[in-house]
Amino acid sequence: AKEHLGHRSLSIQFQQNRVSKAYLAIIRDQPPGDHFENDAAIGEHPTQAGVCMSTHPQAKKAKSAYTRFEVLERYSGYSLVRAFPQTGRLHQIRVHLADLGFPIIADDFYGNDERLETDRCLISRQALHAEQIEFAHPVTGLKMKLSAGAPDDFHQALERLRSA
């Protein structure tokens, strides 16, 4: 928003969960079903330095969080999912997927293990893309739906997975 009134209206919509968002993510492995969710609270990790957020039961300043997921495509050792975060916690999608055992590929914080270098052969950054956002225009109140296609490196990673 370029001015105070618009910013305030959008902030209120976010606070009241009236903004819908959809993200694409390439994750490791394959969830057992085509739809899954995570409602684990997210807070600061209690002991691990360098890890920003956690669903650990002892996480500091934990707040409720909820994300729905839908599997769009499956590959050997990977999946393409769409994420629908219902709340807006820091790193929510990344944390919720890692908590379920399906970290986003090439994620330095939440997927940083022996598979990270293999992930980086597919894409050099975390494979998360903000695909769509929907909200009421702050002045007119009309429904706004903005979409953005995934960038080239994301598509190239998917093509590599499809051809493997």
query = Where the only charges are on Cβ atoms (+1 Lys, Arg; -1 Asp, Glu), what is the dipole of the chain about its Cα centre, to the nearest 20 debye?
reply = 660
task = Could you tell me the number of lysine pairs in the chain with C-alpha atoms less than 28 Å from each other, where the two lysines are 8 or more residues apart or belong to different chains?
result = 9
task = Determine ³J(HN,Hα), in whole Hz, for all residues of segment 93-106 in sequence, where each value follows from phi through the Karplus function 6.51 cos²θ - 1.76 cosθ + 1.60 and θ = phi - 60°; x replaces Gly and Pro.
result = 5, 4, 5, 5, 5, 4, 4, 7, x, 10, x, 5, 5, 6
note = Along the dipole axis of segment 6-111 (charges at Cβ: +1 for Lys and Arg, -1 for Asp and Glu; origin at the Cα centre), the most positive-end residue among Ile26, Gln48, Ile104 is Gln48
query = To the nearest 500 deg cm²/dmol, what mean residue ellipticity at 222 nm is calculated for the chain from DSSP H runs of n ≥ 4 alone, each contributing -39,500 (n - 2.57), summed and divided by the residues?
reply = -7000 deg cm²/dmol
task = Would you grab the residues whose amide H sits under 5 Å from the one on Tyr75? Only those 5+ places off in sequence or on another chain, please, with H modelled 1.01 Å from N.
result = Leu80
task = Quick one: which residues, 5+ away or cross-chain, put their amide H under 5 Å from the amide H of Glu131? H built at 1.01 Å from N.
result = Ala22, Tyr23, Leu24
message = Can you compute 3J(HN,Hα) from phi for each residue in segment 118-130, using the Karplus curve 6.51 cos²θ - 1.76 cosθ + 1.60 with θ = phi - 60°, rounded to whole Hz and x for Gly and Pro?
response = 5, 4, 5, 6, 8, 7, 8, 9, 4, 8, 10, 9, 6
Built amide H within the under 5 Å cut-off of Met144, gap 5+ = Phe135, Ala136, His137
inquiry  = What number comes out for accessible area per residue over the chain if the probe is 1.4 Å? Units Å², please.
reply    = 56
note = Carbon/sulfur accessible area of the chain, % of total, 1.4 Å probe, equals 51
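Among 1-13, 115-127, how do they line up from the highest to the lowest mean number of other beta-carbon atoms within 10 Å? All intermediate terms of the calculation are to be shown ahead of the outcome.
Working: 1-13: 11.8, 115-127: 16.1.
Highest to lowest by the protection proxy: 115-127, 1-13.
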remark   = In degrees, nearest 10, the alpha-carbon axis of helix 4-15 is tilted away from the dominant principal axis of the alpha carbons of the chain by 50
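The values are calculated or read from the model by the stated rules, or taken from the named source; none is laboratory data. None of these values were measured; they are calculated from a predicted model. Please note: Cβ atoms are built from the backbone with ideal geometry, for glycine as well, and neighbour counts cover all protein chains shown. What goes into the accessible areas is simple: the full protein's heavy atoms, side chains included, and nothing from ligands, DNA or RNA. Shrake-Rupley method; radii C 1.70, N 1.55, O 1.52, S 1.80 Å.
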